[in-house]
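In what follows, a structure is listed as structure tokens, so that the remarks can point back to it.
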Amino acid sequence: MDSQKFNRLLRKITTDSRALEEIYEEYYSKVKLHILRGFGNLVSAEDVAQEVFLSLLSLNLKEKIEFPTTWLMRLSENKAKDILRGKHSESELSDMISSSFSIDKAILKADVQTVIKKLDPLSQQIIYLHIWEGYPYKEIAQELNISYNNVRVKASRAYKKIEKLL
């Protein structure tokens, strides 16, 4: 779904029930899978996804969402973290969150996993988001708060290193 359509539906969400349905149909499975991959069985992915879509009803955003997928994924991560905060102490939570998007969570062959672990953590995140989550480089740049060119260079170098080591 493009950002214009997403923003239009988001503005109509409280007055038009079909608006929420369209957003839900487009993004529910993506949000659920993202939480499942990132947090495993630490939280219920279905519960988090439901919370995300329920929270859309009470939002009153003034600015436009440029990257809807990234925005919803970030919202879902925050919802999952909120749930975890209620269940665990801060020290346990920080350990879980720091490892939550580890490349180990992805289903990989052992040799590829070994090679990817040799990359620096930022490159690992970029590769994970690009390949397994399907994010374009622009959204990865926004998600990680780094420049688009930096993402491209890091990804290019990471792919070359993976190719060389394999």
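Laboratory data are not the source of any read-out in this text; all were calculated from the coordinates shown. Keep in mind the model is a prediction, meaning the values are calculated, not measured. Cβ coordinates were reconstructed from backbone atoms using ideal geometry, including for glycine residues, and neighbour counts include every protein chain displayed.
Side notes on the structure shown:
- Applying 1/(1 + (r/R0)^6) with r as the Cβ-Cβ distance of Met1 and Asn150 and R0 = 25 angstrom yields a FRET efficiency of 0.40.
- Here Glu21, Glu163, Glu77 are placed in order of increasing Cβ neighbour count within 10 Å, fewest first, which gives Glu163, Glu21, Glu77.
- Under 28 Å from the Cα of Lys62 - lysines, other chains or at least 8 residues apart: Lys5, Lys12, Lys30, Lys32, Lys79, Lys81, Lys138
- Per-residue Karplus couplings for the range 149-154, computed as 6.51 cos²θ - 1.76 cosθ + 1.60 with θ equal to phi - 60°, are listed in order as 5, 5, 4, 4, 5, 4 Hz, Gly and Pro entered as x.
- Near Leu59, once Lys and Arg are set to +1 and Asp and Glu to -1 for all other residues with Cβ below 14 Å from its Cβ, the sum equals +4.
- Extension gain for the segment Asn60 to Tyr28, taken as residue separation times 0.36 nm less the Cα-Cα distance, is 9.5 nm to one decimal.
- Listed by Cβ neighbour count within 10 Å, with the fewest neighbours leading, His34, His130 appear as His130, His34.
- The range 1-63-the range 130-148 distance, computed between alpha-carbon centres (Å): 19 Å
- As a proxy for reagent exposure, Arg157, Arg37 were ordered by neighbouring Cβ count within 10 angstrom, fewest first; the result is Arg157, Arg37.
- Take the Cβ atoms of Asp47 and Tyr159, set R0 to 41 Å, and the FRET efficiency comes out at 0.70.
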